[in-house]
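Undergrad: Quick one: structure below, then a few questions.
Every read-out reported here was derived from the displayed coordinates using simple, explicitly stated rules and does not represent laboratory data. All of these numbers come straight from a predicted model, not from anything done at the bench. Note: ideal-geometry Cβ built from the backbone for every residue, glycine included; neighbour counts use all protein chains shown.
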Amino acid sequence: MATPDKGEYVFDPPSRSYNNIVSDYTSQNYTGTTILTPDIDISPKSLIFSRPKSETNVQDTEGESVSSADTSASRKREVRASSQPAHYETGLIIPDEVKAHWKTHMPSRKYRSRKNLPASKDWSIYDSPVKNQKNCGSCWAFAAVALVENLGNQANLFVEQNLSEQVIVSCLYQDQSFGRGCEGGWYWDAFNYIRIEGIPPETCYPYNASDEDCEGKCSEPDFVEKITQFSPPCSLWGERHSVDDLRGALQDGPLCVSMYVPDDFFSYTSGIYDYTGGDYGFGHAVLLVGYDDEQQCFRAKNSWGEGWGERGYFRIAYNDVTDNVKFGCYAGTASGIYLEGKSEEIIIKNTGTDDLVINNISCDKTWLEISPQTLPTILPDGQETISVSVADWNDVPFPDDMATITISSNDSDEPSVFVEVKAIIPPTIARPMLMISPPFQEGISVTEDKININISGTSGNIELDVSNGNDGSMSWTATTDDPWLNIVSGNSGDDNGTITIYYESNLGDARTGTISISSPEAENGLQAVELTQAAVVGADIDDSGSIDLRDAILVLKTLAGMNEDDIYVDADVNGDRRIGIEEAVYVLQSVSELTEEDDPAM
């Protein structure tokens, strides 16, 4: 048996047997192998830079910088006096147009149709500490900021996730004559503000639970965090949602959600809250962070301080999704978190047992600067930091470009690690943004240049919501060159509106039509919605390969109580005792409006 003196080595083989040794053996040697290995760990693995406004703003006629203005100038709010205890304020206001939308729309089946979900989910491990909105109706701002802080922790951003709710409260509705954030608000507005302006750290404008002037924030924050995507203005659903909608959406991350607040909810201390009756009022916004199928409940982060509930959190029964509480209604989410600043840091850690040697750090784009480009050996449990910045924004193509940093080391399991870096150049002048929201139904997909919607072969209507997701005002028009599509209403409008499209039954082959929505003054000023329609299923009853008069007669003869005379009476639209091809089409269009149970042709 041979034992190495150094504990970090082993011999192969650990022992040998020898018999009748009379001379040297060539196979008697032992091979020493180290059992120590380096292990590289890098965070974050993706970065986004946005060109600073100081380099992109233009001057107005009076020489003052043009800002992005109030992101919610067109958003109607109704100021409501709160009747709740001063230390347990609410403050959520759902805009009238959002409520109106969900009176005529049903939620998408996207989330509720997800299968094989885990029995529980908990995103609270990424939460920042629970905060207290105090005597201010700012729950909507706290819920939105809590979501952004959670995303920041998920992304391993190197700054502390303690962001300034007061900036949202004081600056978002600053041009509104009817009050600012303590009088209530809508978390979609907060998402939109964070996308455009960004949100600084708490130290930039500490929370004081009052409607202070926006000028109270610092002029040069250490950093601002921004998001690139968030749910549409109408939210993910209204009040006709389900437990499965919430469980399915929680697979992607936490959600800002709304709820009616029963009187006894204010005195909740622990356990699973389950509404049993009593007075209640709208509305409150919280951060939904998880669910538990075994306990049949959701878990949410509130903004009433750690002294309320379960250290600021609460659990609520699945029952309260569909009863008077409507927990989880008007849900919203966001993604694409990033830091806006002149430089960002990448931390390289050695989580292994041997020394980590960084062999090379390189980048495939010249506009990105990395410092330093060489690092010393990193000991086990040690780390080094490199700084990344945009060296020259003039070298970045408009509107954005992507770079890849490659970090090579002696980690045999992961010899090369890649960090994706995106640089974005905002428009030089704040512009409105044309946003098209399709109806929430199956058969919808979105690509870079269009929205694709699959529709049935029978005739019907479809609605597209148009909204302005940015500053300023815009006018838009909707057109189509396809004769089987008819824009019934909403051919044009200003800022927000609805386009209603009627499509005819398709008695031929599958076809595709396009609705073009244009706004010359807006970002994304030309958008297309492509409608793909299959033929009426089963209309070719005699399998002749085409839909003709015989098919129309066969359809009608199979309907209960109709003989050939009835067929001619009902189908002879012109009253000439014969059915022409146009009348056959009319018959089939009428039949196609029946359900599958009623219509044997479908």
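Undergrad: Going down the list Lys99/Lys422; Lys99/Lys301; Lys103/Lys217; Lys131/Lys422, which pairs span over 31 Å between their C-alpha atoms?
TA: Working: Lys99/Lys422 37 Å; Lys99/Lys301 25 Å; Lys103/Lys217 40 Å; Lys131/Lys422 33 Å.
Listed pairs above 31 Å: Lys99/Lys422; Lys103/Lys217; Lys131/Lys422.
Undergrad: Which whole-Hz couplings ³J(HN,Hα) result when phi for each residue of segment 364-369 is put into the Karplus expression 6.51 cos²θ - 1.76 cosθ + 1.60, θ = phi - 60°, listed in order with x for Gly and Pro?
TA: 8, 10, 6, 6, 9, 10
Undergrad: Short version: ³J(HN,Hα) in whole Hz for each residue of segment 228-237, in order, from phi by Karplus 6.51 cos²θ - 1.76 cosθ + 1.60 (θ = phi - 60°), x for Gly and Pro, what are they?
TA: Residue by residue, segment 228-237 yields 9, 9, 7, 5, x, x, 7, 6, 6, 6 Hz.
Undergrad: Another question, then. Would you mind ranking Arg315, Arg109 by Cβ crowding within 10 Å, fewest neighbours first? Mind showing how you got there, number by number?
TA: Details: Arg315 21, Arg109 15.
Neighbour counts put them in this order, fewest first: Arg109, Arg315.
Undergrad: For a quick check: sort Trp123, Trp393, Trp186, Trp367 by the number of other beta carbons within 10 angstrom, fewest at the front.
TA: Going from sparsest to densest Cβ surroundings: Trp393, Trp367, Trp123, Trp186.
Undergrad: Then there's this: For each of Asp509, Asp222, count neighbouring Cβ atoms within 10 Å of the residue's Cβ, then give the residues from fewest to most.
TA: Details: Asp509 8, Asp222 12.
Fewest to most other Cβ atoms nearby, the residues stand as Asp509, Asp222.
Undergrad: Starting from the amide H of Gly290, placed 1.01 Å from N in the peptide plane, find each other amide H under 5 Å away whose residue is 5 or more places distant or on another chain.
TA: Hits under the 5 Å cutoff: Trp123, Arg299.
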